[in-house]
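Chemist: This is the structure I have questions about; it appears just below.
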Amino acid sequence: LMTSIVYPTTNLKHVEQLNIVRGEGVYVYDDSGKEYLEGLAGLWCASLGYGNAELIEAIASQLRTLSYSHMFGGRTHNVVIQLAEQLNEMLPVKNSKIFFANSGSEANDSHVKMLRYYFNVTGEPQKKKIIALERSYHGVTVASAALTGLPANHTHFDLPVGALGVLRADSPHYYRGRKAGESEGQFCDRIIENLEKLILKEDPETIAAFIAEPVGGASGVVVAPDNYFPRVENLLTKHDIMMWSDEVICGFGRTGNNFGCETMGFTPKLISLAKQLSSAYLPISASVIPNYMHEAMIEPSSKVGVFGHGYTYTGHPAACAAALKTLEIYQRDKLFEHAADMGEYLQNKLNEFKNHPLVGEVRGRGLIGAVELVANKETGEAFCDLAVGAHAKQACQDNGLLVRAVGGNSIAFCPPLIINTDQIDEMIDKFDQAIQQTHQYAQKEGLLAN
Ligand code: PLP
C-alpha cells in the first residue's frame, strides 16, 4: 500500500512503516493503539511533549484574533515584536537582530544570504567562504545542504558546494577521528592545527564564517573535546572570521545550559534557532545576527528599494504565539534547570552501557546522548553497514521506544525536556532489552570481530 507521498529522509523502498495517530506528554500512539515513549522528542524538537493544553490554547486564541499577517513592506504585529524582545533577553549574545523563518534549513539559508549581503555592502565582497564540519547537519535546502557534511544529503543532489565557498574542517569527534595511539589532547591539537592551515591556505580575508553545532545531532551526537570550541573561537577572532552556532537542536536547555554554546564554552556572533523554539507545535525558526550587520544593511537596502529576502510566513502570528508561550513555560516552570537535572540522570544511566560488549562509546551532554554500537570494542572498528543500528532502532520500537540510529550505528536519545526520572528509567529499560536482542542478532550474523 503506497500513498502518493514522497517521503523525507527515508529509504524509499521502506516507506509507511509506522503510523502515529496521537500523543500525550512524552508518549505517542500508533494506529493499533500501541504506546511509545518518544526518546528523540520527534526530531529533537518536541520539548514540552504532546498535547500541552496551554500551548494549544495560545495558538487557538491567536488564530481567532489574527490568523495571519505578513511582514513585507514594513508591516508588523504585536506577537512577533514580543517574541523578538523575549528572545533577545534570553540569548547569549546581546544587541542582536532576529530574522524569522519556518525551519532550521531556512534559518541557515538566511544566514548565508545575509553574510553575503553584509560583506558585499561593507566592501569585502571576497569574504564569502564558510567553514563547516565533516558530518555536520545544517539542513537540506540548497545552501544549508551544502553546509551539511553528511554524504546521504549530498549524493545525487549536485549541491553548489564550490559556488557557495563551503570549506570542510575535521569533525571534532575523538573516538571516530583519532589516529592510532593519539590522546584526546593530541587529537584536538591536530584538528585545530588543520583548521588554522585551512584558514591560512584559503586566506582569512576570503572566509566569512565558521558554522558548527555545539553538540552534533544527526552526525551521531558528536561531543567535541572540552577545549576545542574555545580554541576555535580564539583562532576565528585572530583571523576575523565570524563564529556561527547552529543551535537548532542545542538551543533552549537541551545540553544542560540555556544554549549549547554555553555548554561548549564559546560566544557566537551568529545563531540559528528552530525546533524547541516553539516546542514543535508550529514551524518557526530564527536567524540571529549582530546589530552591526543589520545597521550595515539599512542604507544599501534603501537604495535597492527593499531588503529582498523574506518568506510569506516570516513571523507567522500563530507560530510566534506558540514560540512566545513556549518560552514563557520554559521560564515559569524552570524547565532548563529541570532538563539539566534530568540530563545528569540520563548521562549516568547511559554510561552504564559503556561495559556492554556491543558498545564502543557513550557520549552526550544534558538531555542529548548516544550509544555507539561497534564491531570491535577493543579497536573501535565500526560495522561495515547500517544493519546493526537499524536492528537496534527496530528492537527499541518493538519494545515501545522511539529512537533513531544516527551517524552510522549510534542510537540517539533526546527526549522531551519535561521527561521525569521514572520515564528515563523506562526508556533505559526498553533500550537495555533492545541492546541484548541486538547483540544476539550481531553474534548470530557473525558481525562481531571477537
Ligand atoms: N540544523 C540542525 C543542527 C538540525 O539538527 C536541523 C534539523 O534536524 C536543521 C538545522 C534543519 O532544520 P529543519 O529540518 O527544520 O530545516
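Nothing in this text is a laboratory measurement; each read-out follows from the coordinates by a stated rule. The structure displayed is predicted, hence computed values, not measured ones. Glycine also receives a Cβ, built like all others from the backbone with ideal geometry; neighbour counts cover every protein chain displayed.
Chemist: What does the charge count near Thr148 come to, summing +1 for each Lys or Arg and -1 for each Asp or Glu among other residues with Cβ under 15 Å from its Cβ?
Modeler: -4
Chemist: Hey, another quick one. Compute the signed sum of charges (Lys and Arg +1, Asp and Glu -1) over the other residues within less than 14 Å, Cβ to Cβ, of Gln331.
Modeler: Here the charged neighbours net out to -3.
Chemist: On to the next question. Which lysines have a Cα less than 20 Å from the Cα of Lys179, not counting those fewer than 8 places away in the same chain?
Modeler: List returned: Lys197, Lys377.
Chemist: Right, another one. Kindly write out, for region 123-132 in residue order, the coupling ³J(HN,Hα) from the Karplus curve 6.51 cos²θ - 1.76 cosθ + 1.60 (θ = phi - 60°), rounded to whole Hz, with x marking Gly and Pro.
Modeler: x, 10, x, 7, 8, 10, 5, 10, 8, 10
Chemist: Something else now. Given a cut-off of 23 Å, name the pairs among Lys129/Lys303; Lys128/Lys201; Lys238/Lys275; Lys13/Lys430 whose C-alpha atoms lie farther apart than that in the structure shown. Don't skip to the end; give the middle numbers.
Modeler: Working: Lys129/Lys303 26 Å; Lys128/Lys201 15 Å; Lys238/Lys275 33 Å; Lys13/Lys430 28 Å.
Over 23 Å apart, Cα to Cα: Lys129/Lys303; Lys238/Lys275; Lys13/Lys430.
Chemist: Specify whether the C-alpha gyration tensor of region 90-135 places it in the rounded, prolate or oblate class, a ≥ b ≥ c being the square roots of the eigenvalues: rounded for a/c under 1.5, otherwise prolate if a/b is larger than b/c and oblate if not.
Modeler: Cα axes put region 90-135 in the oblate bin.
Chemist: Please list, by residue number, every one of the GluC sites (Glu not before Pro) in region 12-119 that is coil in DSSP and has at most 11 other beta-carbon atoms within 10 Å.
Modeler: Sites meeting the loop and neighbour criteria: Glu16.
Chemist: Specify which residue in the list Pro204, Ala323, Ala107 is farthest towards the positive end of the charge dipole of the chain, using unit charges on the beta carbon of Lys, Arg (+1) and Asp, Glu (-1), about the Cα centre.
Modeler: Pro204
Chemist: Could you tell me which of rounded, prolate or oblate describes region 149-277, using a ≥ b ≥ c as the square roots of the eigenvalues of the alpha-carbon gyration tensor, with rounded for a/c under 1.5 and, failing that, prolate when a/b is larger than b/c and oblate otherwise?
Modeler: Taking the square roots of the gyration eigenvalues as a ≥ b ≥ c, region 149-277 is rounded.
Chemist: Does the chain classify as rounded, prolate or oblate by the C-alpha gyration tensor (a ≥ b ≥ c root eigenvalues; a/c under 1.5 gives rounded; else a/b over b/c gives prolate, otherwise oblate)?
Modeler: oblate
Chemist: For the chain, what is the mean residue ellipticity at 222 nm derived from helices alone (per DSSP H run of n ≥ 4: -39500 (n - 2.57); sum divided by total residues; nearest 500 deg cm²/dmol)?
Modeler: Computed ellipticity for the chain at 222 nm equals -12500 deg cm²/dmol.
Chemist: Neighbour counts of other C-beta atoms within 10 Å: give me Arg168, Arg404, Arg22 arranged from fewest to most. Don't skip to the end; give the middle numbers.
Modeler: Working: Arg168 15, Arg404 21, Arg22 12.
Going from sparsest to densest Cβ surroundings: Arg22, Arg168, Arg404.
Chemist: Okay, moving on. Work out from phi, with θ = phi - 60° and the Karplus expression 6.51 cos²θ - 1.76 cosθ + 1.60, the ³J(HN,Hα) of each residue of region 243-254, listed in order in whole Hz, and give x for Gly and Pro.
Modeler: Here the 3J(HN,Hα) series is 8, 10, 9, 7, 9, 4, 9, 7, x, 6, x, 4 Hz.
Chemist: Could you list the trypsin sites (Lys or Arg not before Pro) in region 30-121 that lie in coil according to DSSP, counting only those with at most 16 other Cβ atoms within 10 Å of their Cβ?
Modeler: Of the trypsin sites (Lys or Arg not before Pro), the ones in loops of region 30-121 whose Cβ has at most 16 other Cβ atoms within 10 Å are Lys34, Arg75, Lys94.
Chemist: Just to check I understand the Karplus step: with θ = phi - 60° and J = 6.51 cos²θ - 1.76 cosθ + 1.60, what whole-Hz values come out for region 18-24, glycine and proline as x?
Modeler: In residue order, the calculated couplings are 8, 10, 8, 10, 7, x, 8 Hz.
Chemist: Here is a further query. Quick one: Cα centre-to-centre distance for region 284-304 and region 336-399, in angstrom?
Modeler: If you average the Cα positions of each part, the centres end up 42 Å apart.
Chemist: Please list the non-local residues whose amide H lies under 5 Å from the amide H of Ser285, H modeled 1.01 Å from N, same-chain partners needing a gap of 5 or more.
Modeler: Ala101, Asn102, Ser103
Chemist: Which whole-number percent gives the relative contact order of region 1-107, counting Cα pairs below 8 Å spaced six or more residues apart? Provide the component values of the computation, followed by the final result.
Modeler: Details: 60 pairs, mean separation 13.2, N = 107.
Computed over region 1-107, the figure is 12 percent.
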